[in-house]
1. Mind checking whether some residue in the stretch 271-282 is among the polar types (S, T, N, Q) and in a loop (DSSP other than H, G, I, E, B)?
2. Of all residues in the stretch 257-293, how many are more than 28 Å from the chain's Cα centre (by Cα) and open to solvent by 90 Å² or more (accessible area, probe 1.4 Å)?
3. Just one of the numbered conditions (1) under 22 Å from residue 135 (Cβ atoms); (2) open to solvent by less than 40 Å² (accessible area, probe 1.4 Å); (3) part of a strand (DSSP E or B) is not true of residue 78; which one?
4. Kindly provide the set of residues from the stretch 320-332 that are within 30 Å of residue 274 (Cα to Cα), of a type outside the set (Lys, Arg) and surrounded by 13 or more Cβ atoms within 10 Å (Cβ to Cβ), ordered by number.
5. Out of curiosity, is residue 282 in contact (Cβ under 8 Å) with a residue 24 or more places away in the chain and either of a type in the set (A, V, I, L, M, F, W, C) or on the phi > 0 side of the Ramachandran plot (or both)?
6. It is to be established whether one or more residues within the stretch 102-113 are crowded, with 17+ Cβ neighbours inside 10 Å and modelled with pLDDT of 95 or more.
7. So, in the stretch 50-66, of the ones that are surrounded by fewer than 16 Cβ atoms within 10 Å (Cβ to Cβ) and outside any loop (DSSP other than H, G, I, E, B), which residue ends up modelled with the lowest pLDDT?
8. Looking at the stretch 29-66, which of the residues that are touching a strand residue (DSSP E or B) at 6+ places or on another chain (Cβ under 7 Å) and hydroxyl-bearing (Ser, Thr, Tyr) is farthest from residue 157 (Cα to Cα)?
Amino acid sequence: MEKQNRSGTAGKAIRCKAAVCRNPGEPLVIEEIMVDPPKAWEIRIKILCTSLCHSDVTFWKISTGPFALFPRIFGHEAVGVVESVGEHVEEFQEGDMVVPVFHPNCRECRDCKSQKGNGCSIFGDKLVAEMPRDGTSRFKGMNGETLHHFLSVSSFSEYTVVDVVHVVKISSEFPAEKACLLSCGISTGIGAAWKVADIEEGSTVAIFGLGAVGLAVAEGARLRGASKIIGVDLNQEKFEIGKKFGVSDFINPTTCGEKNVSEVIKEITDGGVDYSFECIGLASLMEDAFNSSRVEINLDGFITHEVNFQDINNAFDLLLKGKSLRCIIWMD
């Protein structure tokens, strides 16, 4: 049973406004909707402010496949105040300021407790369209129709219901407009620099794409003491913006002439950067980002022999005689 709150709304459906997307690519419509009370291990949040992420736009455009679910309430970067909590919820209470996050953290499984990753083995194996535990929606239109959730958050609504594994409590003194940025993009970028790459002081860094995530990577690299932060973007105006986040050098691929970006980066870093981040999601840029990195591993030294495929048995002989570290076998 939901715990009672001062406003008397606990355990009751709340009527509020939401920006509903009824068809892919169409403008959102502000509608009156009903938000059900939270069930066990869920909390209902009054959204203070939210922001728009490229992921919202990407899913908004999808018209076919399992992710094309409409009508739907998008939004996954937000901050709000807990309005009421469901059964078994102990870590949150009415009035807490919280940030909903699409990436689950059950705080109990082996992966969530690990310092080497954050992929929850209980709730993080798939993208669910509704609530993660029972697969049902907490949103209804005024005619009773089901409105689908998005990334377990759906912050384009005055009220939303979120599972406790998708919520982080923050200080009430944190400015709301800044706190909502921590839900997705900014945490992704800074976390990539701090937690994943663990950039050391004096390192050189290249960032492909200076959107919010890329600039957050730059900020993380700056805070870790990177000596050179190279930003790569087609938009020349991004350089001035990037300077505020520590970008020291800027490359516009359209001005590189016959050279590719990786060649330019290797020239200005004496062989390549220590860390390279691709923040757009294009395969061609991933290749450029990889080629821009410095080789720190002596792979050539491990290759002692090379043979053609028809001579594969020679590779066996070399290894059995202790004469080979690695024999490369060419198929053609």
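The values are calculated or read from the model by the stated rules, or taken from the named source; none is laboratory data. The structure displayed is predicted, hence computed values, not measured ones. As a convention, Cβ positions derive from the backbone with ideal geometry for all residues, glycine included, and neighbour counts pool all protein chains shown. Please note that ligands, DNA and RNA were not included when accessible areas were found on the heavy atoms of the full protein model with its side chains. Shrake-Rupley method; radii C 1.70, N 1.55, O 1.52, S 1.80 Å.
1. Looking for residues that are among the polar types (S, T, N, Q) and in a loop (DSSP other than H, G, I, E, B), one finds none in the stretch 271-282, hence no.
2. Total meeting the criteria: 4.
3. The number of the failed condition is (1).
4. 327, the sole residue that qualifies.
5. no
6. The answer is no; no qualifying residue exists.
7. 54
8. Selected residue: 51.
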